[in-house]
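Note sheet for the following structure.
Each reported figure results from applying straightforward, stated rules to the coordinates on display, with no laboratory input. Model, not experiment: these values are computed from the prediction. Cβ placement follows ideal geometry from the backbone for every residue including glycine, while neighbour counts extend to all protein chains displayed.
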Amino acid sequence: MAAYDYDLFVIGGGSGGVRASRMAALAGRKVGIAEEYQFGGTCVIRGCIPKKLFVYASQYGEDFEDAAGFGWTVPERHFDWKTLVANKDKEIARLSDMYVANVKKAGVEIFDERAEFLDPHTVVLKKSGKKITAERFLIATGGHPSHEASQIEGSANCITSNEAFYLEKLPRRIVIAGGGYIGVEFAHIFHGLGCDVTLVFRADKVLRGFDEDIRDCLMAEMHTSGIRCVAGRTLTRVDRKGDEVFAFTGKGEVIEADRVMLAIGRHPNTRGLGLDKAGVKLGKHEAVAVDDYSKTNVDHIYAIGDVTDRLQLTPVAIHEAMCFVKTVFEGKPTPVDHHLVPTAVFSRPEIATVGLTETKALEQGYAIDVYQSTFRPLKHTLSGRNTRARFKLVVDAKTNKVLGCHIFGFDAAEIIQMATVALKMGATKENFDAAIALHPTAAEELVTMRTKSYSKP
Ligand code: NDP
């Protein structure tokens, strides 16, 4: 008889947990997985996918307006929130079912309940009370919107991105706290759907850590489009009176709205998992502390994805899952590679970036040449919209290697994916210059920026 029920038991059926469980099963291991909610995790259920669907929905308004310059007459428009939410729910259910089907097809046994550690080799399933032992465990429980990190009195009167996906009614006025990915993306979603949006953030600009010029471009665009930005403020209190909420800033202002949404970071799901009973140590922000192979301080317990608070991005969790399976089940120790991870913010227009910003490059001791281009996208010569795109390359002055690529413009995310291939291959500015432009596109700017804009330091 086998010493344990499973070779691997995975806790959490999100992108990372599902990938790891399937790959380990396909490698011939006996694998079980527990998920207490719905398969698909943050990305599929209340993150990337529904968010992108909402982003598409939010862009039609401007597209209808832009169509006039091209000769179209668009009849009176009407948007129905309930239809969007229902159609989104249908698609999310389809995707979640597909995750389940794929996991089953790989031979993984599924448990639709919460699992908590009883000791380093045993978990208990909370609904059934069933105890399960495994030789190895993978913690892939993800994260949740941070409520408790805030100092906000009355935070129970606020929603987070979790609830935003299921609101009964589209708010007429919404206050969003937090100037990170989620705050910026939802500000654009709600604004595009016709809400009156106020974005409150504690820094002077949104998107800390992004390229400074790109941040400036976005701030200017938000101003033009009518998203109200309240910089240098945090919310201290939120009151509810009937259907109305009142958001108080630390500087004495009160903003009235129908909803207040908190988007002030996400917190790893480590509480109540019995990690102390398994002897697993936590690090910063109560995240599971892991080494380069995603191994915790306990030899047979690994953790991947948002619960480790490394880079909270779906493709990174999937990459960590693949490295875990290679390391543990395929005899090929593979450390995770967090170098040159592309990322995008789905504002309007989008921001997409890979590699070093000017600031980071200088901090790392590089002397840099910067190439940049600002232009009005061809489409807007007829639409009349005054949006400008900005493309920027940060280049190592010594070797001419491209260190970073930053784009503010339509389809930026689509473009940056391929720029990532070039940067991963160590492309130099000459390599970019040698590529023949594809005309007329916005992406051609990347290979036609011949004149250096400036050098630093
Ligand atoms: P972010 O870390 O992106 O932003 C958090 C924001 O909240 C920042 O503006 C931060 O301010 C602010 N903040 C933090 N704590 C407080 C506080 N106590 N009071 C007031 N403001 C505070 O987190 P998000 O929640 O937006 O997103 C979480 C993660 O999810 C992201 O980091 C990203 O990895 C991932 N994500 C990725 C997306 C994508 O790929 N498109 C989309 C959505 C999420 P400050 O900058 O001053 O620290």
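Projecting the Cα positions of THR387, MET322, VAL307 onto the charge dipole of the chain (unit charges on Cβ atoms of Lys, Arg, Asp and Glu, taken about the Cα centre) puts MET322 furthest along the positive direction. For the chain, the longest principal axis of the Cα atoms and the long axis of helix 181-192 meet at an angle of about 50 degrees.
When only alpha carbons are used to place a centre, the range 13-61 and the range 239-257 end up 36 Å from one another. Listed by Cβ neighbour count within 10 Å, with the fewest neighbours leading, TRP81, TRP72 appear as TRP72, TRP81. Against the chain, whose longest principal axis is taken from its Cα atoms, helix 15-26 shows a tilt of about 50°. For the range 1-63, the Kirkwood estimate of the hydrodynamic radius, built from every pair of different alpha carbons, is 13.7 Å. Of the peptides 243-254, 32-43, the order by per-residue mean of other Cβ atoms within 10 Å, starting with the highest, comes out as 32-43, 243-254. Annotation for MET98 and TRP81: the two label points, set 7 Å from Cα along the Cα-Cβ direction, are 2.8 nm apart. Subtracting the Cα-Cα distance of ASN431 and LEU340 from 0.36 nm times their residue separation leaves 31.0 nm of extension gain. Percent of alpha carbon pairs in the range 276-319 separated by more than 18 Å? For the range 276-319, the fraction of Cα-Cα distances above 18 Å is 21 percent. Normalised by 2.2 N^0.38 Å, where N is the number of residues, the alpha-carbon radius of gyration of the chain equals 1.05. Each Lys or Arg adds one and each Asp or Glu takes one away; over the other residues whose Cβ falls under 15 Å from the Cβ of GLY384, this sums to 0. Among THR441, THR270, sorting on how many other beta-carbon atoms sit within 10 Å of each Cβ, with the fewest leading, yields THR441, THR270. Dividing the Cα radius of gyration of the range 7-140 by 2.2 N^0.38 Å, with N the residue count, gives 1.46. Computed from Cα positions, the angle between helix 48-67 and the longest principal axis of the chain comes to roughly 20 degrees. The calculated FRET efficiency for LEU167 paired with GLU444, based on their beta-carbon distance and R0 = 60 Å, is about 0.90. Could you tally the net charge around TYR371, taking each other residue with its Cβ under 14 Å from the Cβ of TYR371, Lys/Arg +1 and Asp/Glu -1? In short, -2. The distance between label points at ASN297 and LYS398 comes to 3.9 nm (points 7 Å beyond Cα on the Cα→Cβ vector). Over the chain, dividing the summed -39,500 (n - 2.57) contributions of all DSSP H runs of at least 4 residues by the number of residues returns a 222 nm mean residue ellipticity of -9500 deg cm²/dmol.
Ranking of SER347, SER15 by neighbouring Cβ atoms within 10 Å, starting from the fewest: SER347, SER15.
The stretch between LEU118 and THR359 holds 82.1 nm of extra length on full extension. This uses 0.36 nm per residue minus the Cα-Cα distance. Between the alpha-carbon centres of the range 410-457 and the range 86-113 there is a gap of 39 Å.
Considering only DSSP beta bridges whose two residues both sit in the chain, what percent are antiparallel, to the nearest 5? That works out to approximately 65 percent antiparallel. For the chain, relative contact order (Cα pairs under 8 Å, six or more residues apart, normalised by length) works out to 15 percent. Here the dipole of the range 1-160 is about 680 debye; that uses its Cα centre as origin and unit charges on the Cβ of Lys and Arg (positive) and Asp and Glu (negative). Note on HIS147/LYS127: beta-carbon distance plugged into 1/(1 + (r/R0)^6) with R0 of 22 Å gives a FRET efficiency of 0.30. Spatial offset of the range 317-352 relative to the range 154-194 amounts to 28 Å, using the alpha carbon center of each.
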